[in-house]
1. Is it fair to say Val157 is surrounded by 20 or more Cβ atoms within 10 Å (Cβ to Cβ), more than 13 Å from ligand 1 (Cβ to nearest atom) and farther than 20 Å from Gly194 by Cβ?
2. How many residues, within segment 86-115, are within 15 Å of the chain's Cα centre (by Cα) and in a loop (DSSP other than H, G, I, E, B)?
3. Between Leu142, Leu195, Leu214, which is of a type outside the set (D, E, K, R) and assigned to a strand (DSSP E or B)?
4. Return yes or no: is Ala201 open to solvent by 20 Å² or more (accessible area, probe 1.4 Å) and in a helix (DSSP H, G or I)?
5. For Gln208, which of the numbered conditions (1) assigned to a helix (DSSP H, G or I); (2) closer than 26 Å to Gln78 by Cβ; (3) open to solvent by 20 Å² or more (accessible area, probe 1.4 Å) fails to hold?
6. Give me the residue from segment 112-147 that is of a type in the set (Gly, Ala, Ser) and touching a helix residue (DSSP H, G or I) at 6+ places or on another chain (Cβ under 6 Å) and, out of that set, farthest from ligand 2 (Cβ to nearest atom).
7. If you take the residues in segment 1-16 that are more than 21 Å from Ile118 (Cα to Cα) and β-branched (Val, Ile, Thr), which one is nearest to the chain's Cα centre (by Cα)?
Amino acid sequence: MIDLHTHSIFSDGELIPAELAQRSFAAGYKALAITDHIDHSNIDFILPRIIKVCSKITEEGKIKVFPGVEITHVAPAQIAGMADEARKLGAKIVLVHGETIVEPVPAGTNLAALKSAIDILAHPGLITEEEVKLAAEKGVYLEITTRRGHAFSNGHVVQMARKFKANLILNNDAHASADFVSSKMATSIARAAGLTDEEIAAMFENSQNMVQKLCV
Ligand SMILES: [Zn+2]
Ligand SMILES: [Zn+2]
């Protein structure tokens with residue numbers, strides 16, 4: 001199991017990074033990315049600390065932990081600049097907090113995110129055809145989430161991704177230890193979103209490919 005979207009106390013998660021990693025390891029996870037919520041107030045504070053702890057945890061050898069960010073509620077016109085800044089500061093994986101239907105995320109966030117140098121558009125909500133086409137063209141992963149609320153629109157994301165051949169990735173968006181679902185539950189959530197077993201296997205493979213890319 002892999003979760004490339006998690007939160008520690010450096011944003012609104014419950015655990016410090018070391019415990020987050022240990023809890024996910026105990027739940028059977030082999031790799032995760034710590035992707036705390038960032039805006040212009042905290043990007044330079046959070047990233048060096050997450051990078052340091054990720055390198056120490058990974059060095060121990062039992063689980064791979066990658067430093068990342070989730071650009072959250074930043075004005076759409078400022079997302080591209082923030083993604084570039086995150087890379088410069090050493091983020092290995094860049095997510096944007098997409099237009100979930102359960103939060104008033106600024107309209108235009110999905111499109112601005114997909115025009116930026118990002119890896120994953122998290123919980124993209126009622127993503128449009130134009131946006132999904134762009135995701136497919138740019139190789140940005142669209143997220144299927146196991147998180148309550150955000151998961152309401154998984155079915156829509158699946159249908160759109162299938163239509164325009166965009167790649168999917170499943171994440172927990174874990175904020176606490178109970179959020180690391182079993183592979184059985186992840187599979188059930190994916191099936192409930194309308195994915196076939198073949199598509200689910202391809203989605204899990206996307207996470208593995210991403211981890212391989214991050215290890216280089
Ligand atoms: Zn989010
Ligand atoms: Zn998140």
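1. Working: surrounded by 20 or more Cβ atoms within 10 Å (Cβ to Cβ): yes; more than 13 Å from ligand 1 (Cβ to nearest atom): yes; farther than 20 Å from Gly194 by Cβ: no.
Taking the combined requirement at face value, the residue does not satisfy it.
2. 5
3. Numbers: Leu195 fails: assigned to a strand (DSSP E or B); Leu214 fails: assigned to a strand (DSSP E or B).
Leu142 is the lone residue from the list that is of a type outside the set (D, E, K, R) and assigned to a strand (DSSP E or B).
4. Details: open to solvent by 20 Å² or more (accessible area, probe 1.4 Å): yes; in a helix (DSSP H, G or I): yes.
In short, yes.
5. For Gln208, the failing item is (2).
6. Initially, segment 112-147 is screened for residues of a type in the set (Gly, Ala, Ser), giving 112-113, 116-117, 122, 125, 135-136, 139.
Still in the list and also touching a helix residue (DSSP H, G or I) at 6+ places or on another chain (Cβ under 6 Å): 112-113, 116-117, 125, 135-136.
Working: Ala112: 17, Ala113: 13, Ser116: 17, Ala117: 19, Gly125: 13, Ala135: 18, Ala136: 23 Å.
Only one residue tops the list, namely Ala136.
7. Residues of segment 1-16 that are more than 21 Å from Ile118 (Cα to Cα), as a first pass: 1, 9, 12-16.
Those left that are additionally β-branched (Val, Ile, Thr): 9, 16.
On the way: Ile9: 17, Ile16: 18 Å.
Top of the filtered list is Ile9.
So that you can scan it fast, the table gives a plain yes or no per residue for (1) aromatic (Phe, Trp, Tyr); (2) in contact with a strand residue (DSSP E or B) (Cβ under 7 Å, 6 or more places away or on another chain); (3) closer than 19 Å to Leu142 by Cα:
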{"position": "Ile2", "(1), (2), (3)": "no, yes, yes"}
{"position": "Thr6", "(1), (2), (3)": "no, yes, yes"}
{"position": "Ile9", "(1), (2), (3)": "no, no, no"}
{"position": "Leu20", "(1), (2), (3)": "no, yes, no"}
{"position": "His37", "(1), (2), (3)": "no, yes, yes"}
{"position": "Ser55", "(1), (2), (3)": "no, no, no"}
{"position": "Ala75", "(1), (2), (3)": "no, no, no"}
{"position": "Gly108", "(1), (2), (3)": "no, no, yes"}
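The values are calculated or read from the model by the stated rules, or taken from the named source; none is laboratory data. Please read these numbers as outputs of a predicted model, since none were measured by experiment. Cβ coordinates were reconstructed from backbone atoms using ideal geometry, including for glycine residues, and neighbour counts include every protein chain displayed. Accessible surface areas use protein heavy atoms only, side chains included; no ligands, DNA or RNA. Shrake-Rupley method; radii C 1.70, N 1.55, O 1.52, S 1.80 Å.
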